[in-house]
Each structure stands twice: as structure tokens, then as C-alpha cells.
Amino acid sequence: MVIPSQKHVRNSLLSRMHPDDYAAIETVLEPVTLKRKDVLIQPGQPLTHMRFIESGVASVVVGTREGRRIEVGIIGSEGASGLPLLFDVESTPHETFMQIDGEALQVDKASFRNLVEERPAFRKLMMRYAHIFQLLTAQTALSHGSYTLEERLARWLLMCHDRVSGDEFPITHEFLSVMLGVHRPGVTTTIHILEGAGTVRARRSHIEIVNRDKLKLIAGESYGIPEAEYRRLIAEDAAEG
């Protein structure tokens, strides 16, 4: 893999940063291929890289000693994995792993911290993304506690759709049950409900979004707040700049 020019980079943070900042980070970027289930961050282990996702989707999950797990965050080409490094934190109890194959451009810990310290515009961009990711985790907590499984699944499918190219992506009912913290039969039943509403089409290990607008109506207020903040603070701000 070759490091792309800023014009052709797929990660939104890299594509929207100031050209001088991209020129600086470009010299220390390293391309990596990421396979499904690859662990990007191991709980309690030293963080080594900030990874700007170019394609694919990663999940941030928390777990109990008994082995129960639930997703609290999702990362695609809009963001990056390794945010604790921004705050000079060496490790985190949360795990991050790939749920859909993809690629990333990564920068080692020392180089990333140098960029944060030396380049104010770069630091501002990363801090804004960290703020948005915090909103995403908060919205996920609200969804788990306040919305129906149908609304939560619609939200999750919309977030995944935001982060993949095309309308179809690989996902299993078993994986969704873990990510949403529910039993698999509940996920299967809810997918059938969404199919009946004409929003998705499910086949073995894949889901296709066929009517995004209807899916957004089902998700309701569970979806949209972090996404609006991303547009306001990163996408629109970069366009104005």
C-alpha cells in the first residue's frame, strides 16, 4: 500500500485537516490491512498507534468478568482508533477490534504526540473528534437504556451504513446480539420486523439497507445527535476553512 495524497485519502479527518498538517503527518503514516476480529486495542495493554480508518468498521466494547460484552462505540472512515493517546493516556480497559475488514493509515505513539504538541490546528481537529466520540458513547448508553430493540437496531444499522461503501455489509445475528447486549432470537425477530417494514433485506451473514429514510424514522431520536455534531464541528468547519 502507498500513502495516498490528501486529495485521495479516504479518512475524513485526514482529508479535512489543514494541508500543512497533512504534509507533516504524511511522513510518518504507515498503511495497514485490517481483517475482521483483528484487535486494535487490547484492554490494559500499552497503546502503540493512532489508526486513521480508511475503510472497514471497528467496534469499541466493554465487558464483565463473566464474559458479557456490549458495544459502546463504532469507528469507520470518519475517525480513528487510539483516542486515549490524545490525552497522554497509555492504556484503556476497553477493547477495540475490527468487525468489518478494512484498511487504515497509522502513526506511532511518539510521532502522534509530537504532532499534537507542535501543530495547534491538528490538535483542535483531534479534540473535536474526541468530543464527538464522547457524544457517540453517551448516545449509545441512552439508547441501551431508553429505546426499544427495534429503535436500537435501526440506529446501529444506520451508523454502520454511514461507515461503509455501498448499501450491503457483512454482519451476523450472533454478532449483533453481542453488540446490542441482547439474546440472538430477539435480534432475529427484530430484523424480520425491519424487513417487513421495507427498510432492510437480510441474507446469510449480510444485511442490505433498502430504505434508509424509513430506517431513520424507526430509529427516531436514538440516531442523529453525534452525526449532526460531526457535520457542524468537522465537515462544515473544514469546508468553511
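No lab work stands behind these numbers, since they all come straight from the coordinates. Quantities reported herein were computed from a predicted structural model and do not represent experimental measurements. A quick note on method: Cβ atoms are made from the backbone with ideal geometry, for glycine too, and the neighbour counts reach across all protein chains shown.
Here Thr33 meets each of (1) hydroxyl-bearing (Ser, Thr, Tyr); (2) assigned to a strand (DSSP E or B); (3) over 18 Å from the mean Cα position of the chain (by Cα) with one exception, condition (3).
Any idea how many residues of the range 74-87 are surrounded by fewer than 17 Cβ atoms within 10 Å (Cβ to Cβ) and closer than 22 Å to Arg163 by Cα?
Number satisfying all stated conditions: 1.
Scanning the range 179-230 for residues that are acidic (Asp, Glu) and within 22 Å of Ser165 (Cα to Cα) yields Glu195, Glu208, Asp213, Glu227, Glu229.
Annotation for the range 32-40: no member residue is touching a helix residue (DSSP H, G or I) at 6+ places or on another chain (Cβ under 9 Å), within 21 Å of Leu83 (Cβ to Cβ) and surrounded by 15 or more Cβ atoms within 10 Å (Cβ to Cβ).
I'm trying to understand the selection: among the residues of the range 223-236, which are of a type outside the set (Gly, Ala, Ser), in contact (Cβ under 8 Å) with a residue 40 or more places away in the chain and not in a loop (DSSP other than H, G, I, E, B)? Spell out how you get there, then give the answer.
Filtering the range 223-236 for residues of a type outside the set (Gly, Ala, Ser) gives 223, 225-227, 229-234, 236.
Pick out the ones that are also in contact (Cβ under 8 Å) with a residue 40 or more places away in the chain and you get 223, 225-227, 229-230, 233-234.
Selection gives Ile225, Pro226, Glu227, Glu229, Tyr230, Leu233, Ile234.
So, of the residues in the range 168-206 that are free of Cβ contacts under 8 Å to residues at least 40 places away in the same chain and on the phi > 0 side of the Ramachandran plot, which turns out to be farthest from the chain's Cα centre (by Cα)? This residue is Gly198. The condition (being surrounded by fewer than 22 Cβ atoms within 10 Å (Cβ to Cβ), part of a strand (DSSP E or B) and in contact (Cβ under 8 Å) with a residue 12 or more places away in the chain) is satisfied by just one residue among Glu90, Glu71: Glu71.
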